[in-house]
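Undergrad: Quick one: this structure, given as structure tokens, is what I'll be asking you about.
The values are calculated or read from the model by the stated rules, or taken from the named source; none is laboratory data. Everything numeric here is computed off the predicted structure, so don't read it as measured data. Cβ atoms come from the backbone with ideal geometry, glycine included; neighbour counts cover every protein chain shown. With ligands, DNA and RNA removed, areas are computed over all heavy atoms of the protein, side chains included. Shrake-Rupley method; radii C 1.70, N 1.55, O 1.52, S 1.80 Å.
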Amino acid sequence: MSGSSRRVLHLPRPPRVRPPLGAALAALTLVLCGLPASAEPASAEPAAAYDHRRCGNTSGRVLLTLDDWPYDHVERAVETGAYLKERGIRAAFFLINEYASQQPQVARTLRRQGHWVGNHTYSHPHLTTLPEAEARREIRDGVRSTLLRPPFGDYGPRETRIAASLGYRVCTWTVDTLDWENSGGRFPDVATLRARIRDAPAEDKRGGVVLGHLFSNFPDALPGIVDDLRDQGYALCRNTGPTGPVIRDPLRC
Ligand SMILES: [Zn+2]
């Protein structure tokens, strides 16, 4: 090494500007406290005002959701998940944890298939009729997630507050297929469910959330529902691979 280059190496450097200790601590606090408990980076843009009926779906695409549990045929949940994945679709499943906790492979498989699995409480009560401590316990003991679908869509300011304190935002729907209505022991058939979605207002479908259930004819109606929505020019939430318990706002649809 020549003397001149050594001299270059020893040139005095500009003094390093150190942030005052307070600013450094504030930055550290932001890093430690300001991030959600997920590896997902925060969105660069501030989220729009949250619309609980759309669950953070600002994509313009349709989010299909399936609630409760497939009581007669447990495999139906993962079969439905596999079908939707095959069509490139990500759906959201809101499982009752009283059942889901007994068969943890169901939620695990659905997430591996690229779907979201959200909280639908532990035992599916009307939350607004419960004392606060019980309502809190029902949410706390639900499937761990960041989206809460209150059973029966029954919630108010108290439930919203409890949910937020447990890390959840409330998620209902824009299109109710009424697939759960049981008349004389029969659920609405596939053609009826398809027609209800086909005929739903456009503003409820574009960037909307469709409610169906795992125990009704809704899963059997899905092939037709997907065809109809696409024929009508709607896109559905895209399946971009496995998910975790954190469902961010806005949704990655
Ligand atoms: Zn339900």
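Undergrad: Tell me yes or no: at least one residue of the range 143-151 is open to solvent by 10 Å² or more (accessible area, probe 1.4 Å) and without any contact (Cβ under 8 Å) to a residue 12 or more places away in the chain.
TA: Scanning the range 143-151 turns up no residue that is open to solvent by 10 Å² or more (accessible area, probe 1.4 Å) and without any contact (Cβ under 8 Å) to a residue 12 or more places away in the chain.
For every residue, the table says whether it meets (1) part of a strand (DSSP E or B); (2) crowded, with 16+ Cβ neighbours inside 10 Å.
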| position | (1), (2) |
| --- | --- |
| LEU211 | yes, yes |
| SER216 | no, yes |
| TYR234 | no, yes |
| GLY241 | no, no |
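Undergrad: Which residue is nearest to CYS171 (Cα to Cα), if the candidates are limited to the range 114-142 and must be touching a Gly at 6+ places or on another chain (Cβ under 8 Å) and either hydroxyl-bearing (Ser, Thr, Tyr) or open to solvent by 20 Å² or more (accessible area, probe 1.4 Å) (or both)?
TA: The qualifying residue nearest to CYS171 (Cα to Cα) is THR121.
Undergrad: Looking at ALA164, ALA135, ALA77 in this structure, which one is over 20 Å from the mean Cα position of the chain (by Cα), assigned to a helix (DSSP H, G or I), small (Gly, Ala, Ser) and away from the ligand (no atom under 12 Å from the Cβ)?
TA: ALA135
Undergrad: Which of the following residues is more than 16 Å from the ligand (Cβ to nearest atom) and open to solvent by less than 60 Å² (accessible area, probe 1.4 Å): THR172, THR192?
TA: When all the criteria are applied, what remains is THR192.
Undergrad: For the condition touching a Pro at 6+ places or on another chain (Cβ under 6 Å), at pLDDT 95 or above and of a type in the set (Ser, Thr, Tyr), what is the one hit in THR80, THR65, THR129?
TA: Only one candidate qualifies: THR80.
Undergrad: For PRO70, only one of the following conditions fails: (1) over 21 Å from THR174 (Cα atoms); (2) modelled with pLDDT of 95 or more; (3) away from the ligand (no atom under 15 Å from the Cβ). What is its number?
TA: (3)
Undergrad: Of all residues in the range 93-132, how many are under 15 Å from the mean Cα position of the chain (by Cα) and either assigned to a helix (DSSP H, G or I) or more than 15 Å from the ligand (Cβ to nearest atom) (or both)?
TA: Of the residues in the range 93-132, 9 are under 15 Å from the mean Cα position of the chain (by Cα) and either assigned to a helix (DSSP H, G or I) or more than 15 Å from the ligand (Cβ to nearest atom) (or both).
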